[in-house]
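**Student:** Below you'll find the structure I mean.
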Number of protein chains: 2
Amino acid sequence: MRPLFHPSIEDVTVEAILHALSDPVRVAIFAKIVGSACSQNCSNFLNIREKNIPKSTLSQHFKALREAGLIRGERRGVEMHNTPRCMEVDKRFPGLISAILNAHNIQLQAKTKPASAGKRKTATR
Amino acid sequence: MRPLFHPSIEDVTVEAILHALSDPVRVAIFAKIVGSACSQNCSNFLNIREKNIPKSTLSQHFKALREAGLIRGERRGVEMHNTPRCMEVDKRFPGLISAILNAHNIQLQAKTKPASAGKRKTATR
DNA sequence: TGCATTGTTCGGATTATTAGAACTATGGAA
DNA sequence: TTCCATAGTTCTAATAATCCGAACAATGCA
């Protein structure tokens, strides 16, 4: 089996990061990896966002996140440990990841409680 | 000709924004629209980033930016005036757009002058 | 050795992106 | 008014990317 490829931090591009995080499943995965204290293996995400993701698709998603430079994957025995590369990425592109994750959270909150402050003006032209 | 569609700000999603800006041509267009004082028409971008973009492709790119909620397009006579929607978007997703544009600038600078401060450590592992 | 578990790779179907050609819409000049 | 130039859009077909089931590889354990 082919060894995992990780770009060195100076080869990481904004385009690749944005593309990787423009997929709802992938942001959800990334957000969970960032938010959890210990590293996560892939199968923890077989049903994320109330959807059943086939594991072949999951594998591709993790590959996309890895090759965008967002996570680091390390095989440990039969499973894989995924850790975020936020520190490095943040040094290269300050504030980028936190702004994206923050926006992602705002959107989630607006979706789960739509009756709150979101509708003060009925339709913002 | 079909009227232009613009999403209202609460329908704008992070995914759509990231996807729109994950294309090198589209970020370049958007950055220029944001950076210029007056509104820009589409044909100003027929050759951006030293590439010749066919106008049918350009038209699709502008549609993508519009429908992501990033710009507002307004037909004035024969041409179109494009203005950014940064204010609205920033109210919804604070810091998102500026972080992306900032990262984009960092990347551009690193590309145009690769011999400067970018290589203090020969290879950042 | 045999098997369960975890993740990858392959192949075909579906979907998105690209760009040339034909088209629409507007403003001016003759 | 008629004709033409200009600015964008839509149509269509080729190409590329994505998705997911099936087959596979790699590890750990009974």
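**Student:** Taking amide hydrogens as modeled 1.01 Å from N in the peptide plane, which residues meet the under 5 Å criterion relative to A:GLN40, leaving out close sequence neighbours?
**Tutor:** Those qualifying (amide H under 5 Å, at least 5 residues apart or on another chain) are A:ASN82.
**Student:** Something else now. Take the alpha-carbon centre of the range B:65-108, take the same for the range A:37-75, and report the distance between them in whole Å.
**Tutor:** If you average the Cα positions of each part, the centres end up 31 Å apart.
**Student:** State the dimensionless ratio Rg/Rh of the protein assembly as shown (Rg: radius of gyration of Cα atoms; Rh: Kirkwood radius).
**Tutor:** Details: Rg = 19.6 Å, Rh = 19.8 Å.
With Rg and the Kirkwood Rh in hand, the quotient comes to 0.99.
**Student:** Just want the ordering: B:SER39, A:SER98, from fewest to most Cβ atoms lying within 10 Å of their own Cβ. All intermediate terms of the calculation are to be shown ahead of the outcome.
**Tutor:** On the way: B:SER39 17, A:SER98 14.
Ascending number of Cβ neighbours within 10 Å: A:SER98, B:SER39.
**Student:** Another question, if that's okay. What percent do you get for the relative contact order of chain B when only Cα pairs under 8 Å and 6+ apart count? Please list the in-between numbers first.
**Tutor:** Working: 113 pairs, mean separation 32.8, N = 125.
Over chain B, the number comes to 26 percent.
**Student:** Can you pull the Kirkwood radius for the range A:16-110, inverse mean 1/r over Cα pairs, to one decimal in Å? Please report the intermediate quantities before stating the final value.
**Tutor:** Working: mean 1/r = 0.0736 Å⁻¹.
By the Kirkwood definition, the hydrodynamic radius is 13.6 Å.
**Student:** Also: With θ set to phi - 60°, apply the Karplus curve 6.51 cos²θ - 1.76 cosθ + 1.60 along the range A:67-80 and write out the HN-Hα couplings as whole Hz, x wherever there is a Gly or Pro.
**Tutor:** 6, 7, x, 8, 10, 10, x, 9, 6, 10, x, 7, 10, 10
**Student:** Sticking with the crude label model, points 7 Å out along Cα→Cβ, report the distance from B:HIS81 to B:LYS113 in nm, one decimal please.
**Tutor:** Rounded to a tenth, the inter-label distance reads 3.7 nm.
**Student:** Return the tail of the calculated pair distribution for the range B:22-62, meaning the percent of Cα-Cα pairs more than 16 Å apart. Walk me through the numbers on the way to the answer.
**Tutor:** Working: 218 of 820 pairs.
Here the long-distance tail beyond 16 Å is 27 percent of all Cα pairs in the range B:22-62.
**Student:** Shifting gears a bit: Ordered shortest first, which distances in nm separate the 7 Å Cα→C-beta label point of B:PRO54 from those of the other copies?
**Tutor:** 3.3
Read-outs: derived from the displayed coordinates by stated rules, not from any lab. Quick caveat, the model's predicted, so the values are computed rather than measured. Because the Cβ atoms are built from the backbone with ideal geometry, glycine has one as well, and the counts that use them run over all protein chains shown.
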